[in-house]
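Everything below concerns the one structure shown next.
Every number in this text was worked out from the coordinates using simple rules, so none of it is lab data. All figures in this text were calculated on a predicted structure; none of them were measured in a lab. Counting neighbours? That spans all protein chains shown, and the Cβs are built from the backbone with ideal geometry, glycine included.
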Amino acid sequence: MTWRFRKSFSPLPGVRITLSPSGVSTSVGVGPFRATIGPRGPAVTANIPGTGLSFRHALGSSPHQRPTALPMPHPQQPGFVTSEPSAPEMDEIKSEGSGALTTPGLSEFKRLLEKARREHGEVVRELNQARSEEYFTVGRYTSWKNGWLMRHVFKAKFEQHRISAEESTAKRAELEEQERLSCLQTQIELPDGVNRAFHRMNDEFAVLTKCDRIWDTVGQRNTNRIVERTTATRVVERKPVRFQLGRCELIESEWKVPHLENANGGDIYFYPAFALYFVSSDNFALLEYKDIELEFSLSRFIEEETLPGDTTIVGQTWAKANKDGSPDKRFNGNYQIPIAQYGKISITSATGMNEEYMVSNAERAQAFSSTWKGLSSAVAAGV
């Protein structure tokens, strides 16, 4: 259609995310002609309707291969303890800035999302102003229309009010249509195997969200066991967070996806074909599963706070302990502390993602991790 009131507006083309064993490709366009950016580099593809024939023309060399993501080292530790306010400074566990995390196959999709958010924001501002103008002009015209004197004595002015009211209504309606068209229409083509694996992961994640406690581990340091009189080898700083199935405001989709809240960075959303690291609508990253490592391990944690009801106690220690684990008798009022077995989920990438979560129910965390790996394998196989 021809835009009457905002001629600079141009609806965004649809975007299609396609999975293959070589990675994720993003194609943009309408009809038989589409521009594609993927593991083999940028290209133009054309399909001849009704013939099954297609043509692909490469536009440049393929992007440099990124190094394979390596998991951060997380050695098994015999014990953990929360940090004290006066304790030595910790090493922060935090991802790089969102601008560095996106992987090549999704760079064009990210650019279109950024453009869509800017366009949508501008349209919404104009739409709010147009609604206010419509309320005023239509109200004024209705008032004149319902009154005999002004309508008959000032006919020319009444006609101007009628035209203004009609134009303000048309402008508001056009901007509402532009708001709808400024949302990026995203189509993700999922093979049957990937679709099944994604729904299995969602089911296990829904169970994981019901754990009594979930923490984001935001810092860590090694202990001096002799000086601190502890059996723990690692001190961590953790903050309670929520896991839930939900939608990110950035992407319009039919799915509710796993949403991992982050205490010191962007929240993580696991979509069927990629992960979204979301700080805000202006700061986010998109990562292919092949560039992510999600690892599960068991954590023995010296729990000095309220013990979650769904965890397993695997031992006891003392507030002040000798190196062999026996109580240090030099301290009056020394007391025992339970050692809980938690599940640890570490999420890293070659591009700089570095997140660690602790979950009170280790079995649920392990089940989710297993189904995530199943989805990642299905995406890699493209089946």
Euclidean distance between Cα centres, the range 159-215 to the range 118-145, Å: 24
In the structure shown, of 239/329; 239/323; 210/239, the pairs separated by more than 21 angstrom at the C-alpha atoms are 239/329; 239/323
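May I ask for the equivalent-ellipsoid semi-axes of the range 223-276, computed as the square root of five times each C-alpha gyration tensor eigenvalue and listed largest first in whole Å?
Numbers: eigenvalues 284, 19, 15 Å².
Output for the range 223-276: semi-axes of 38, 10, 9 Å.
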From a point 7 Å beyond the Cα of residue 281 in the direction of its Cβ, which residues of the range 169-196 have a backbone N at a distance under 13 Å? 179-180, 182-184
Under 19 Å Cα to Cα from residue 157, which aspartates and glutamates show up? Leave out anything in the same chain fewer than 8 places away. 133, 134, 166, 167
Within a Cβ distance under 11 Å of residue 157, other residues only, what is the Lys/Arg minus Asp/Glu net charge? +3
Give the lysines reachable from residue 110 as a straight Cα distance under 23 Å; neighbours fewer than 8 places away on the same chain don't count. 94, 256, 290
Quick one: compute the contact order of the range 231-367, relative version, from alpha carbon pairs under 8 angstrom and 6+ residues apart, as a percent. 18
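Find the relative contact order for the range 158-256 and round it to a whole percent, using C-alpha pairs within less than 8 Å whose residues are 6+ positions apart.
Working: 64 pairs, mean separation 25.2, N = 99.
Reported relative contact order: 25 percent.
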Modelling each spin label as a point 7 Å along the Cα-to-Cβ direction, I'd like the residue 222/residue 354 distance in nm, to one decimal. 1.6
Apply 1/(1 + (r/R0)^6) to the Cβ-Cβ distance of residue 256 and residue 326, taking R0 = 51 Å, and write down the FRET efficiency to the nearest 0.05. 0.50
